[in-house]
Structure formats: C-alpha cells, structure tokens
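Remarks on the structure that follows.
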Amino acid sequence: MIGHDAAVTFMVSAGLVFEIIAAACSSPQTAELNAAARSATLMKWVKIGLLMSAPFVLIAAWWLGGGAPALFGGALAGLMMGVAYVYANRSGLASGGPATEQYGRA
C-alpha cells in the first residue's frame, strides 16, 4: 500500500498532464467530429501538449521529491490521453460523418 503523500503526488502529476493537454487541444469528442478538417493540426497539438507536460512531471518527480508515483501518474495520464486522441482522430477520419465546424463561409 502506498502512503498518502505518494498518492497525492501521483494524482497531482496525472492531473497536470490532463490539464496541460486539455489546454492545448479540444476534447476527443470534438476531435473525432472534426477530424477530416483538423486531423494534422490536432495531432500536432496533442504531441506538443505531451511535450509541455513532461518537464512538470519531471520537476514533480525529482526536484520536488515525488519520485516514482509522480512519474507513473504523469506517464499513465499521458498514455491515456494520447490513446484517446489517436482513437478519436482515427474514428473521425473513418466515419465520414458531418463536422460541427464549417470552413470557407462568411
């Protein structure tokens, strides 16, 4: 059983990754709906969000002493969000459904 401090460190690290990626991207649902028009841009920002979150997880792990729980929390959250966006992107491209955004209209 891990201690309270390790559990808090894990959750803060994981939450930080989710927050940073959410700040850089739209939701996976919106990504799926508009994949045909925004696939390349969306996936670029998912990658940038993951890169942006990495230093914070490393700071939590080493400089602030969070260790393995901080690394594991950040890595798990990054993996989960990365997979969610890849899935949303692929599903949207495959569906051919109508987008929620219109381009080229005044």
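Values quoted throughout were computed directly from the atomic coordinates according to the rules given, and no laboratory measurement underlies them. Being a predicted model, the structure only gives us computed values, none of them experimental. Ideal geometry is used to build each Cβ from the backbone, glycine not excepted, and the neighbour counts take in all protein chains shown.
A few remarks follow.
- Verdict on Ser39 being surrounded by fewer than 20 Cβ atoms within 10 Å (Cβ to Cβ), among the hydroxyl-bearing types (Ser, Thr, Tyr) and under 17 Å from the mean Cα position of the chain (by Cα): yes
- Test: residue in region 53-71 that is more than 28 Å from His4 (Cα to Cα) and more than 18 Å from the chain's Cα centre (by Cα): no
- Scanning region 1-10 for residues that are of a type in the set (A, V, I, L, M) and free of Cβ contacts under 8 Å to residues at least 24 places away in the same chain, we see that the one that is surrounded by the fewest Cβ atoms within 10 Å (Cβ to Cβ) is Met1.
- Residue list for region 1-36, filter: of a type in the set (Gly, Ala, Ser) and over 14 Å from the mean Cα position of the chain (by Cα): Gly3, Ala6, Ala7, Ala35, Ala36
- Residue list for region 72-87, restricted to those being surrounded by 18 or more Cβ atoms within 10 Å (Cβ to Cβ) and under 12 Å from the mean Cα position of the chain (by Cα): Gly74, Ala77, Gly78, Met81, Tyr85
- Entirely in region 11-103, the helices (runs of 4 or more DSSP H) that have 2 or more residues that are without any contact (Cβ under 8 Å) to a residue 60 or more places away in the chain and among the charged types (D, E, K, R): 35-58
- Leu51 being under 15 Å from Ala23 (Cβ atoms) and surrounded by 19 or more Cβ atoms within 10 Å (Cβ to Cβ): no
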